[in-house]
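See below for the structure under consideration.
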Amino acid sequence: AAVVLVPGLMGWGPEEMETPHGQVPYWDTGVAEDTDSCGLPLLQASVGPVSSQHDRACELFAQMLGLRTDFGAEHSAEFGHDRWGSDFSGRPGLWPDWGPDSPCHFVGHSAGGNTIRLLQHLLATDFWGRGTSAAWVKSVTCIASPLNGSTATYLYGSSRDTGLFQWPSLVPLVSCVELIETLQGVPSERRGRLRHWRLEHWGVENEDFRSYSRLNAKLRGPSRVFLTGKDNLSYDISLEGALELNGRIGADQPDCHYLSVLTCCTSSALGGFVRPSGHCGAFLLLPCAFMCAERVDHRLPGADVADWRHNDGLVPLGSQRMPFFGAKRPAPIQLDGDDGAGGDTPDSSSSSWRLSEAGRWHCVWANRLAGDSGTDWDHNDPVFGRSLIWEPPRQRWSFTAALLDGAAAAARWLGLRREGGSFAKVARDKQKTFYERLYRLLAEIP
């Protein structure tokens, strides 16, 4: 079986993110040549970074087999976009022999976990009429996934009443990405190609993101419904959208193994208050603090308020453990790392570090899986949080050196460690260990 890696919100696929230092892999050491994948082939998917979970799942299916993306006639008519999307038929599929006799392990970061769950549901219902079934998916691993939605969406423009995005007029500002590329020193011929937006079925092309006026015109026209409706990722990861999505997916598949990997960078203070810890990434401090103060009990009766206030900078801890809507589920099995020696190093001979029950959710802390229990991992630490993003401006303009040194000093004051040109606090060997142990868990599934 192969491992299929699915990125989250604003994520990218292989060779889709480039800096003057070269390609930046979304999965970092997860796809490094020196990482032991236990003999499992590693496949990197590329799906729409802001598309709805349905559209992303359809793109993932087409990519796996080398087909043209089919969103379905009924879905496309309901939401007002073209039925056909990105065409992958001109290239080999990620796993052309994919099927019940050659199933795959799917690993998703952030919203990628939700994408995988919906893909499995569409396979189980034979959505594309190709004789698919749930047996095509051997396991589902969700790393820091908003399985029940994220309260961070309300900071970034989603309505607390409906979950719908309320700031569509600001979206064309993403066209300033070319300015960012200029500051990073990306050559002019490569600017505007940092990612594939995959919104052609909405009438929006990649080139439109290079011009504010062109993108603004598109998003003020018929394509505006993409931003203001329910067929986008912003809605799908709100609490309201997740409730709807989980209701659609329903019960888990009895023969599939499920794992949620937890990340959290908050701590409890006096009086029961929750606050960001010193290990929260600088770019996640604002949403982290915002979620620390959010209450969800009036929208999710019976929810543990503290569990939903603890978060990793983008996803509440209470949303990561397992889906709580759509079907009744037993509590997840915690992989506690008790290897008989009082440590937190996974031992392949210990049942506490195995996905022991099919059809049941298991959960494990990312830092414990990596043998890094002394460090809180935030939302981006398992993936591109270690990317080289600070050195290009220093090399291009010397006057930026003082600003960057000041930023690095501030990061160290906050408890972060600057390593290799990034603000990464998780050492490379720890992140590499995380993936090697994760792949070993998957390889041991019978």
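A quick yes/no check of all residues on (1) at pLDDT below 85; (2) closer than 15 Å to ILE143 by Cβ; (3) more than 26 Å from the chain's Cα centre (by Cα):
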site	(1), (2), (3)
VAL364	no, yes, no
LEU388	yes, no, no
GLU391	yes, no, no
TRP413	yes, no, yes
ILE445	no, no, no
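In the set ALA407, ALA427, ALA370, which member is open to solvent by less than 20 Å² (accessible area, probe 1.4 Å) and modelled with pLDDT of 50 or more?
Numbers: ALA407 fails: open to solvent by less than 20 Å² (accessible area, probe 1.4 Å); ALA427 fails: open to solvent by less than 20 Å² (accessible area, probe 1.4 Å).
Exactly one of ALA407, ALA427, ALA370 is open to solvent by less than 20 Å² (accessible area, probe 1.4 Å) and modelled with pLDDT of 50 or more, namely ALA370.
List every residue pair whose Cβ atoms lie under 7 Å apart, where the two residues are 6 or more positions apart in sequence or sit on different chains, the first residue falls within the range 355-367 and is over 11 Å from TYR258 (Cα atoms), and the second residue, located anywhere, is open to solvent by 10 Å² or more (accessible area, probe 1.4 Å) and not polar (S, T, N, Q).
ASN367/ASP376
For residues in the range 106-137 being in contact with a Pro (Cβ under 9 Å, 6 or more places away or on another chain) and assigned to a strand (DSSP E or B), which is farthest from LEU243 (Cα to Cα)?
Ranking the qualifying residues of the range 106-137, first place goes to VAL137.
I'd like to check something: does the range 199-218 contain any residue that is under 30 Å from TRP377 (Cβ atoms) and either of a type outside the set (Ser, Thr, Tyr) or in contact (Cβ under 8 Å) with a residue 12 or more places away in the chain (or both)?
Narrowing the range 199-218 to residues under 30 Å from TRP377 (Cβ atoms): none.
Within the range 199-218 (the criterion being under 30 Å from TRP377 (Cβ atoms) and either of a type outside the set (Ser, Thr, Tyr) or in contact (Cβ under 8 Å) with a residue 12 or more places away in the chain (or both)), the answer is no, since none of the residues qualifies.
Which pairs turn up if I take residues in the range 115-137 that are closer than 17 Å to SER260 by Cβ and charged (D, E, K, R) and look for partners that are outside any helix (DSSP H, G or I) and open to solvent by 20 Å² or more (accessible area, probe 1.4 Å) with beta carbon separation below 9 Å, at least 6 apart in sequence or on another chain?
ARG117/ASP252
From the list THR115, THR69, exactly one residue is closer than 20 Å to PRO146 by Cβ and either touching a strand residue (DSSP E or B) at 6+ places or on another chain (Cβ under 9 Å) or acidic (Asp, Glu) (or both). Which is it?
Numbers: THR69 fails: closer than 20 Å to PRO146 by Cβ.
Exactly one residue qualifies, and that residue is THR115.
Which is open to solvent by less than 40 Å² (accessible area, probe 1.4 Å) and either charged (D, E, K, R) or not assigned by the TED database to the domain that holds ARG368 (or both), of GLU240, GLU244, GLU207? Before the answer, list the steps.
Numbers: GLU244 fails: open to solvent by less than 40 Å² (accessible area, probe 1.4 Å); GLU207 fails: open to solvent by less than 40 Å² (accessible area, probe 1.4 Å).
One residue alone meets the criteria, GLU240.
Looking at GLY129 and the list (1) modelled with pLDDT of 80 or more; (2) on the phi < 0 side of the Ramachandran plot, which single condition is not satisfied?
Of the numbered conditions (1) modelled with pLDDT of 80 or more; (2) on the phi < 0 side of the Ramachandran plot, the odd one out for GLY129 is (2).
When VAL140 is evaluated against the numbered criteria (1) surrounded by 23 or more Cβ atoms within 10 Å (Cβ to Cβ); (2) in a loop (DSSP other than H, G, I, E, B); (3) on the phi < 0 side of the Ramachandran plot, which criterion, by number, is the only one it fails?
Against the list (1) surrounded by 23 or more Cβ atoms within 10 Å (Cβ to Cβ); (2) in a loop (DSSP other than H, G, I, E, B); (3) on the phi < 0 side of the Ramachandran plot, VAL140 comes up short only on (2).
Step by step: first the residues of the range 264-295, then only those that are part of a loop (DSSP other than H, G, I, E, B) and at pLDDT 85 or above, then the one that is nearest to SER110 (Cα to Cα). Which residue is that? I'd like the intermediate steps shown before the answer.
Keep residues of the range 264-295 that are part of a loop (DSSP other than H, G, I, E, B), which gives 264-265, 269, 273, 277-281, 293-295.
Narrowing further to those that are at pLDDT 85 or above: 264-265, 273, 277, 293-294.
Working: CYS264: 13, CYS265: 15, PHE273: 25, SER277: 20, ALA293: 21, GLU294: 20 Å.
Out of the qualifying residues, it is CYS264.
Could you tell me which numbered condition HIS298 fails, if it satisfies all but one of (1) open to solvent by 10 Å² or more (accessible area, probe 1.4 Å); (2) of a type outside the set (Gly, Ala, Ser); (3) within 24 Å of GLY112 (Cβ to Cβ); (4) not in a helix (DSSP H, G or I)?
(3) is the only condition that HIS298 fails.
For the range 145-163, what are the residues that are in contact with a Pro (Cβ under 7 Å, 6 or more places away or on another chain) and surrounded by 24 or more Cβ atoms within 10 Å (Cβ to Cβ)? Steps first, please.
The first filter runs over the range 145-163 and keeps only residues in contact with a Pro (Cβ under 7 Å, 6 or more places away or on another chain), leaving 147-148, 150-152, 155.
Residues satisfying the conditions are LEU147, ASN148, SER150, THR151, ALA152.
Of the residues that make up the range 53-73, is at least one in the same structural domain as TRP136 (by the TED database), small (Gly, Ala, Ser), open to solvent by 20 Å² or more (accessible area, probe 1.4 Å) and at negative phi? Please lay out each step first, then the result.
Initially, the range 53-73 is screened for residues in the same structural domain as TRP136 (by the TED database), giving 53-73.
Still in the running and small (Gly, Ala, Ser): 57, 62, 66, 72-73.
In the following step, the residues that additionally are open to solvent by 20 Å² or more (accessible area, probe 1.4 Å) were identified as 73.
Narrowing further to those that are at negative phi: 73.
Yes, the range 53-73 has at least one match.
The values are calculated or read from the model by the stated rules, or taken from the named source; none is laboratory data. Quick caveat: nothing in here was measured; it's all calculated off a predicted structure. For neighbour counting, all protein chains shown are included, and Cβ atoms are generated from backbone atoms with ideal geometry for every residue, glycine included. For the accessible areas, the whole protein counts, side chains as well, though only heavy atoms, and no ligand, DNA or RNA atoms are used. Shrake-Rupley method; radii C 1.70, N 1.55, O 1.52, S 1.80 Å.
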